[in-house]
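Written below as structure tokens is the structure these notes are about.
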Amino acid sequence: MQDHFGHRISYLRVSVTDRCNERCSYCMPDELQEWLPRADVLTFPETLRLIRVGAQLGIDKIRVTGGEPLTRKGVTEFLGEVTAVNGIKRVGVSTNGTLLARAGSSGSTIAEEIRAAGVDSLNISLDTLDRAVYQGVTSRDFLPRVLEGIEAAIEARFPQIKLNAVLMRGRNEDALLALIDFAGERELLLRFIELMPVSATEVLNESNFFPISAARRVIEAQLGSLIPQPDFKTSGPATYFQIPGRGQRIGFIGALTNLHFCDTCNKLRLTCDGKLRPCLGSHLEFDILKPLRAGASDDELRNFFLDVVERKPERHEFRENYQPQRRMVAIGG
């Protein structure tokens, strides 16, 4: 699949639930979240069918997200089925890390179980190493669980573990160096991510927006000029740099300040309630659940995918007074 702007679409982010055990201020700021009714959420067999259709059209990477995907019963078995889909080469999971160290049904940790299912990469949210700040951001005192989860993921020997830290002025701008040291000691890839207005307009304002340029200045003041690594890529839009005197790389994801952020976009999103979204920063979404449950053939579903790709915008709308209509937790990370 290729859109009008020359982007080859090979990556599908799949949300399997809107439910989460945390309440991050930038994703789900309300404590009293109204969860989707179970009947409105794609079943695992329905999701697998759509992944197979996507694979027939050139999708070769899947990232399973939530909400918090590990809260959904049966997700480990589902991940094993995803990794077995013909044409899918890479399967990742985005998680807050709070459940990775918990014992699964086999007695192994959940991290070990999903690694055994064939998942090859984890993205783990970690905005700070300060327990009080973490609780303030997430409304949960779960930092010790996250740190245990990270260690469990390392022990499970995932080929790639990435730590994602959302930049928030007044919250974690003084935590950057500690996060870098933490990631470096464990040989993990750390990315700093700009806040995006994906949940509510008040999530992003001048008082809390901390751009990647400012984060770089803070880091370089202590560690020296970062060395660009233009040839180092992962599957997303991060720009990577090497820290001088170290083998460690860190990444920056700047949706608002990087004017070339959308140049290499290769993804679609499938929400847990069966909407195909061609762009996170656009209100465009198309209900594939309805034709799926009405008995659509695989050919009809393939045409649905192709039609969504035809409508993919050239760039996101975050810089254009974007007004969110859905919480990030309902879209998928």
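Readers should treat all values here as calculations from the given coordinates under stated rules, not as data from a laboratory. Every value quoted in this text rests on a predicted model; they were computed, and no experiment measured them. Please note: Cβ atoms are built from the backbone with ideal geometry, for glycine as well, and neighbour counts cover all protein chains shown.
Couplings 3J(HN,Hα) of segment 287-297, computed from phi: 7, 8, 5, 4, x, 4, 7, 8, x, 4, 6 Hz, in residue order, whole Hz [Karplus 6.51 cos²θ - 1.76 cosθ + 1.60, θ = phi - 60°; x for Gly and Pro]. Here the convex hull built on the C-alpha positions of segment 1-145 has a volume of 137 cubic angstrom per residue. 3J(HN,Hα) couplings calculated from phi for segment 46-62 with the Karplus curve 6.51 cos²θ - 1.76 cosθ + 1.60 (θ = phi - 60°) are, in sequence order, 5, 5, 4, 4, 5, 5, 4, 4, x, 4, 5, 9, x, 5, 10, 10, 10 Hz; Gly and Pro show x. Counting only DSSP beta bridges with both residues in segment 11-331, tell me the antiparallel percent, nearest 5. Once the DSSP bridges in segment 11-331 are tallied, antiparallel ones form about 25 percent.
Label positions at Asp60 and Phe232, each projected 7 Å from the Cα along the C-beta direction, are separated by 2.3 nm. A Förster distance of 41 Å, applied to the separation of the beta-carbon atoms of Glu310 and Arg246, puts the FRET efficiency at 0.35. Within segment 4-72, the ratio Rg/Rh, alpha carbon atoms throughout and Rh by Kirkwood, equals 1.06. Computed from Cα atoms, the angle from the helix 298-310 axis to the main principal axis of the chain rounds to 40 degrees. Taking the alpha-carbon centroid of each part, what is the distance from segment 177-198 to segment 104-139 in angstrom? What the calculation gives is 15 Å, centre to centre. Enumerate by residue number the GluC sites (Glu not before Pro) in segment 1-93 meeting two conditions: DSSP loop (anything except H, G, I, E, B), and at most 13 other Cβ atoms within 10 Å of the site's Cβ. Qualifying residues, ordered by number: Glu31, Glu34.
Annotation: amide H-H contacts under 5 Å for Leu42 (H modelled 1.01 Å from N, sequence separation of 5 or more, or interchain): Asp273, Gly274. Among 63-72, 162-171, the peptide with the highest mean count of other Cβ atoms within 10 Å heads the list, and the full ranking is 63-72, 162-171. With 19 Å as the limit, the listed pairs Lys61/Lys233; Lys89/Lys312; Lys162/Lys275 have Lys89/Lys312; Lys162/Lys275 beyond it between alpha carbons. 3J(HN,Hα) couplings calculated from phi for segment 173-189 with the Karplus curve 6.51 cos²θ - 1.76 cosθ + 1.60 (θ = phi - 60°) are, in sequence order, 5, 9, 9, 5, 5, 5, 5, 4, 5, 4, 5, x, 4, 9, 6, 10, 8 Hz; Gly and Pro show x.
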